[in-house]
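Values quoted throughout were computed directly from the atomic coordinates according to the rules given, and no laboratory measurement underlies them. Quick caveat: nothing in here was measured; it's all calculated off a predicted structure. We place every Cβ from the backbone using ideal geometry, glycine too, and count neighbours over all the protein chains shown.
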Amino acid sequence: MITPGSRIGILGGGQLGRMMAIAARRLGYGVIGLDPDPACPLAAVADEMVVAAYGEAAAVAHLAARVAVLTVEFENVPAESLAAAQGRTRLAPGPQVLHAARHRLREKDLARHAGLTTTAYAAIHGPEDLDAALAVTGLPAILKTCELGYDGKGQRLLRSRDEAHAALSVLRPLPLIAEAVVPFRAECSVIIHRSPSGACAIHPVFENRHHRHILDVTLVPAALASATVAAAETGIRALAAALDLHGTLCAEFFVVGSGADERLVFNEMAPRPHNSGHVTIDASRCCQFENHIRAITDLPLGDTSLLLGGGAMVNLLGEVWASGEPDWANALTNAAIKVHLYGKGEPRSGRKMGHLNLAAADPAEAAKRLIAAREALRASP
Ligand code: AMP
């Protein structure tokens with residue numbers, strides 16, 4: 001066990017790093033962050049920041065030597081930096097987890113081996129693979145880069161062979177993954193924490209609604225059949241065990257069919273706290289960030305049950321600031337709504353600036369209230 005008072009290192013200073021650090025400090029740990037931006041969201045919360053690029057192996061090695069455990073807020077840590085950290089401190093999650101989770105082909109292969117259902121998919125290393133891949137997926141299909149894609153970036157819908165050839169000439173780097181389109185009726189995610197001792201805690205399943213490929217609203221618990229929830233839990237446990245995860249893993253699924261025909265199709269995973277889990281800060285007995293810190297330090301995991309039986313979250317993107325400072329007084333007339341802001345300077349369009357949470361027995365009603373509050377935030381011109 002890494003006892004409170006020890007130092008935790010966090011690679012990446014965005015909102016996830018910041019909320020990890022808030023939880024770590026509540027538990028009495030010190031925090032040293034690493035980020036190229038000295039004004040990043042983590043900087044205001046960490047005891048100390050190392051200002052360096054993630055690929056600067058010497059800086060990562062220096063940080064690693066000063067902390068009892070090093071965690072990450074994103075999966076795309078350059079391999080040289082991970083190698084530099086190894087041997088100097090404990091990595092949580094380990095390099096094998098980041099290696100699998102940062103690559104769409106590897107994560108889908110892993111999910112299949114762990115017994116989860118995926119959509120039909122095929123690797124494309126060059127134009128010569130295209131016909132065979134489309135024979136596996138059929139049309140329409142979705143073509144994605146394997147690495148560095150997020151929030152819908154690096155992917156194209158293919159309705160014809162011509163579109164496929166055009167997309168193949170622009171999407172980089174190779175290889176790409178072609179996926180059959182899943183006729184989903186909803187999207188959901190499930191988050192697990194796993195300690196070095198193998199102890200696990202799983203949050204109730206989240207239902208996620210996206211707008212322009214960016215998470216917009218999360219409801220918890222997702223309205224799913226109990227057999228579907230059980231399948232999500234079995235699936236995430238199998239993934240965490242296969243990866244020998246120390247830390248937090250989020251898996252995203254498509255929900256297909258309903259009633260007795262309802263089933264989950266695995267889409268992707270992230271080896272860290274996830275935007276869909278932000279609602280747990282206010283709706284759950286122990287949130288995803290505190291449980292992440294407990295998992296990487298091997299403290300007993302906290303209770304993931306819901307305080308009031310449910311809740312919802314809405315993201316606040318830069319657009320909320322389009323006409324000036326949001327009207328906080330007007331929006332927060334519902335005193336149960338909690339505001340989380342990440343301390344980011346410039347509210348650019350699509351940039352995640354913060355979120356609103358509401359714990360409530362009825363998640364759909366909570367979401368409705370949060371959406372109304374977000375509307376009221378937009379200052380009148
Ligand atoms: P991803 O980056 O894989 O999470 O994809 C972003 C969004 O694109 C997902 O949330 C879905 O709405 C959609 N999408 C991705 N892959 C598929 C697929 N195979 N079938 C249908 N929709 C997809």
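Details
- Flag for K368 being in contact with an Asp or Glu (Cβ under 7 Å, 6 or more places away or on another chain), farther than 30 Å from P95 by Cα and among the basic types (K, R): no
- Qualifying residues in region 212-231 (those that are hydrophobic (A, V, I, L, M, F, W, C) and within 16 Å of the ligand (Cβ to nearest atom)) - the one surrounded by the fewest Cβ atoms within 10 Å (Cβ to Cβ): I214
- The residues of region 44-68 that are in a loop (DSSP other than H, G, I, E, B) and either surrounded by 15 or more Cβ atoms within 10 Å (Cβ to Cβ) or within 23 Å of the chain's Cα centre (by Cα) (or both), listed by number, are V45, A46, A52, A53, Y54, G55, E56, R66, V67, A68.
- Residues within region 195-241 that are out of contact with any strand residue (DSSP E or B) (no Cβ under 6 Å at 6 or more places or on another chain), assigned to a loop (DSSP other than H, G, I, E, B) and not aliphatic (A, V, I, L, M), tallied: 7
- All strands (runs of 3 or more DSSP E) inside region 112-179 with 2 or more residues being within 11 Å of the ligand (Cβ to nearest atom): 141-145, 155-158
- Single residue of H193, H210 found to be within 16 Å of the chain's Cα centre (by Cα) and under 24 Å from H99 (Cα atoms): H193
- Per-region count, region 263-295, residues within 16 Å of the ligand (Cβ to nearest atom) and in a helix (DSSP H, G or I): 3
- Within the option set E187, E107, being in contact (Cβ under 8 Å) with a residue 60 or more places away in the chain, part of a helix (DSSP H, G or I), among the acidic types (D, E) and within 16 Å of the ligand (Cβ to nearest atom) holds for one residue only, E107.
- Selection count where residues are in a helix (DSSP H, G or I) and within 19 Å of V279 (Cβ to Cβ), scope region 319-374: 14
- When G17 is tested against (1) part of a helix (DSSP H, G or I); (2) farther than 23 Å from C146 by Cα; (3) in contact (Cβ under 8 Å) with a residue 60 or more places away in the chain, only condition (3) is not met.
- Residue within region 56-64 that is in contact (Cβ under 8 Å) with a residue 60 or more places away in the chain and within 25 Å of E290 (Cβ to Cβ) present: no
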